[in-house]
Amino acid sequence: MALATASIDFSALEANLARVKALAPQSKVMAVLKANAYGHGLVKIAQRLAAADAFAVARIEEALALRTGGITKPIVLLEGFFKASDIEIMLANNFQTIVHDEYQLEALEKAHLSGQIKVWLKVDTGMHRLGIEPQQFEHFYQRLKQCDNACADVQLMTHFACADDATNAYNNKQLTTFMTLVKDKEEALCLANSAAIINYPQSHGQWVRPGLMMYGVSPVQGQVSADIGLIPVMSLRSEVIAVRKVRQGEPVGYGGNWQADKDTQLAVVAIGYGDGYPRHAGNGTPVLINGVRYPLVGRVSMDMITVDIGADNQNVKVGDDAVMWGVHLPIEEIAECADTIPYELLCNITPRVSYEYLG
């Protein structure tokens with residue numbers, strides 16, 4: 001068994017979904033499972049989200065993997081389809097699609113189908129990534145309503161650019177733009193990602209689409225999971241494989257970018273960027289060994305990190321448990337130490353890491 005292990009707590013996952021429902025009690029929940037369920041295991045996570053109303057993924061391959069895994073709930077393709085040949089696959093597997101540009105709309109209009117596909121029309125209200133321009137909305141909406149291949153109840157969607165910052169006025173600008181466009185429409189609305197679920201209850205609509213918060217990570221700037229009633233689902237851990245002494249002035253690791261300022265001991269832990277631990281985690285990044293915080297020192301290697309446990313430490317020994325992030329060590333803190341975001345840490349877990357599912 002691999003030393004590096006990602007423990008996935010199903011009870012935490014279910015508690016986080018319940019938290020979403022408590023925050024948006026009038027909305028249905030579209031649980032976002034893209035990127036291997038944010039590194040947690042696509043099918044296994046889906047199987048434990050019975051209380052979700054639908055699932056969302058980025059690519060059709062992810063949706064097909066869910067169907068192969070026995071998942072029967074509605075599945076929405078958040079980027080839509082990339083090729084016209086995908087339309088038949090969507091119909092056969094009962095996938096729902098975003099339409100965000102002219103190519104997709106034309107392909108859907110020209111397809112020869114034996115049934116209809118449920119469509120979500122995505123409007124770009126300011127993210128400037130995917131979505132039709134606001135001035136195109138009515139034209140696209142009417143064409144979809146008249147399209148024989150699309151279900152009559154065209155769902156309406158947008159995406160916030162800055163919802164993680166509750167003080168950013170751009171969020172209200174986007175919200176106003178969208179609500180003005182759809183004010184006379186009866187179809188279901190979906191605006192709120194994880195951050196908007198927390199920061200902008202006025203954006204909840206008929207559907208919310210939680211991603212990061214469902215995995216027990218804060219989507220809000222300056223907060224960790226516990227601040228908003230979430231429980232981390234993943235704990236990434238490994239083991240101490242060596243304990244060694246270093247003398248004052250001796251450099252440690254590649255490049256010798258850290259030198260001991262006094263005699264001390266290092267615990268060498270079997271995890272590195274080859275497992276997905278961030279290479280740019282800086283000196284001082286906390287690591288939990290036997291429940292005690294110690295600072296990472298020296299550069300992260302492919303397979304190992306070194307942790308300063310102090311000269312007089314008699315409690316750390318080979319085989320001891322070391323936690324990189326989890327319930328008692330927020331991944332938000334580790335991301336800050338590595339100058340990145342929790343999303344990247346979760347999604348960068350490599351196949352070398354062993355997974356165990358709890359509960």
Test item: Cα-centred dipole of the chain, Lys/Arg +1 and Asp/Glu -1 on Cβ, debye: 400 debye
Among H159, H204, H280, the residue with the largest mean-square fluctuation in a Gaussian network model of the chain built from Cα contacts under 10 Å is H280
Extended-chain gain in nm, criterion 0.36 nm per residue less alpha-carbon gap, L130 and A18: 37.3 nm
Note the full-extension length gain between E356 and T167 as 0.36 nm times their separation in residues minus their Cα-Cα distance, in nm to one decimal. 64.1 nm
Accessible surface of the chain [probe 1.4 Å, protein heavy atoms]: carbon and sulfur percent: 50 percent
To the nearest Å, what is the center-to-center distance of the stretch 286-359 and the stretch 121-194, using C-alpha atoms only? 40 Å
What 222 nm value per residue comes from the helices of the chain, counting each DSSP H run with n ≥ 4 as -39,500 (n - 2.57) and dividing by all residues, nearest 500 deg cm²/dmol? -7000 deg cm²/dmol
Residue-ordered couplings for the stretch 339-355, obtained by feeding phi - 60° into the Karplus form 6.51 cos²θ - 1.76 cosθ + 1.60 and rounding to whole Hz (Gly and Pro as x), are 6, 9, 10, x, 3, 5, 4, 5, 6, 8, 4, 9, x, 5, 7, 7, 10
Given a 1.4 angstrom probe, what's the average accessible area per residue across the chain, in square angstrom? 44 Å²
Of the labelled options (i) 0.95; (ii) 1.14; (iii) 0.99, which one gives Cα Rg over 2.2 N^0.38 Å as computed for this structure? (ii)
Say we join alpha carbon atoms closer than 10 Å with springs in a Gaussian network model of the chain; which of K183, K73, K44 then has the biggest fluctuation? K183
Phi-based couplings in Hz for the stretch 294-299 (Karplus 6.51, -1.76, 1.60; Gly and Pro marked x): 9, x, 5, 9, x, 6
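Where in the stretch 213-274 are there trypsin sites (Lys or Arg not before Pro) that are in a DSSP coil and have at most 15 other Cβ atoms within 10 angstrom of their Cβ?
When the trypsin sites (Lys or Arg not before Pro) of the stretch 213-274 are filtered for loop state and at most 15 Cβ neighbours within 10 Å, R247, K262 remain.
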Report for the chain the percent antiparallel among DSSP-assigned beta bridges with both residues inside it, nearest 5. 50 percent
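The values are calculated or read from the model by the stated rules, or taken from the named source; none is laboratory data. Bear in mind the structure is a predicted one, so any value in this text is a computation, not a measurement. We place every Cβ from the backbone using ideal geometry, glycine too, and count neighbours over all the protein chains shown. These accessible areas exclude ligands, DNA and RNA; they are computed on the full protein's heavy atoms, side chains included. Shrake-Rupley method; radii C 1.70, N 1.55, O 1.52, S 1.80 Å.
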